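Each value in this text was obtained by applying a stated rule to the coordinates, not by laboratory testing. Predicted model, so just to flag it, every value in this text is computed and none were measured. Counting neighbours? That spans all protein chains shown, and the Cβs are built from the backbone with ideal geometry, glycine included.
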Amino acid sequence: MSNTGKAARVAVVTGAGSGIGRAVARLLLADGYAVALAGRREAHLLETAAGHQQALPVTCDVTRPDDVERLFDAVRQRWGRVDVLFNNAGVFGPAAGVDEISLEDWNATLAVNLTGSMLCAAAAVRAMKAQDPQGGRIINNGSISAHSPRPRTVAYAVTKHAMTGLTKSIELDGRGFGITCGQIDIGNTATEIMDTIGVGSGALQADGSRRVEPTFPVEDAARAVLMMANMPPTASVGSVVVTAAGMPFIGRG
């Protein structure tokens, strides 16, 4: 799916088989990036890559360290460097309060959303430190749940709050190596995950009621990620919040 040889700009997108990841990957490709598409479902990755010669689909489970290393090895072998990582792979997890969630479900949610993001960031940082010229940019996909959680989403909310700490730590530790890290917190973009929490039919509110909430096109969220990716090395976007206009976020519930 890709030409061999060095590319001008190289990006890695996790969770690239659907939703925000797919939209971001396609927009990066349209902007001239060579893009490694990482995800667990090969068929979905091939759909994302269709028609793009500079796309490299790589099946990868971000919770498996060997898979993550294989992903970044493939990128370096194909293009020689990593300029951008969009750390996007994630799951919403079970609908449960802290007294209800099973340890198995808790660990599974943290494994994908938090440990998987850490593993990918670690591999990207190692590559960015070693390459010439040194440096690169990591963009973590947080959520407005990093600021204000939904009811009965304890595992998801915790991982997204923790993502903010991961983002800030990478930004701090990357300073001496030309590595920047920012976080985009997206609310109610129209993707499959919104169907799982009933945004279009009535999402659970803090007062126990259900309310149909507005959404916005996933392509608009992707444009915000592209803006962050295309900032010059002299600038770092630490945090961006993008939500559907009118959704219950400010003063949620």
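Tabulated data for the structure shown
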item	result
Highest-MSF residue in the chain out of 46, 28, 114 [GNM, Cα springs under 10 Å]	46
Residue-averaged 222 nm ellipticity for the chain, from DSSP H runs of 4+ at -39500 (n - 2.57), nearest 500	-11500 deg cm²/dmol
Net charge, residue 180 excluded, C-beta distance under 14 Å - Lys, Arg +1, Asp, Glu -1	+1
Listed residue (23, 162, 82) projecting farthest to the positive dipole end of the stretch 10-243, Cβ model	82
Simple spin-label estimate for residue 219 and residue 69 in nanometres, 7 Å along Cα-Cβ	4.1 nm
Order of 72, 92, 177 - criterion: other Cβ atoms within 10 Å of each residue's Cβ, fewest first	177, 92, 72
Length added when fully stretched, residue 98-residue 230, from 0.36 nm per residue minus Cα-Cα	43.6 nm
Assigned charges on the beta-carbon of Lys, Arg, Asp, Glu; the chain dipole about Cα centre (debye)	580 debye
Among 106, 245, 222 the positive-end extreme of the charge dipole of the chain (Cβ point charges)	222
Segments 31-41, 60-70, 101-111 sorted - mean Cβ within 10 Å per residue, highest first	31-41, 60-70, 101-111
Amide H partners (placed H, <5 Å) of residue 153, local residues excluded	96
Cut-off under 5 Å, modelled amide H: who pairs with residue 56 long-range	35, 36, 37
Of 51, 142, 19, the one that fluctuates the most in a GNM where the chain has Cα springs shorter than 10 Å	51
Ranked 204, 45, 85, criterion: other C-beta atoms within 10 Å, fewest first	204, 45, 85
Simple spin-label estimate for residue 108 and residue 211 in nanometres, 7 Å along Cα-Cβ	3.1 nm
Residues with amide H under 5 Å from that of residue 40, placed H, sequence gap 5 or more	60
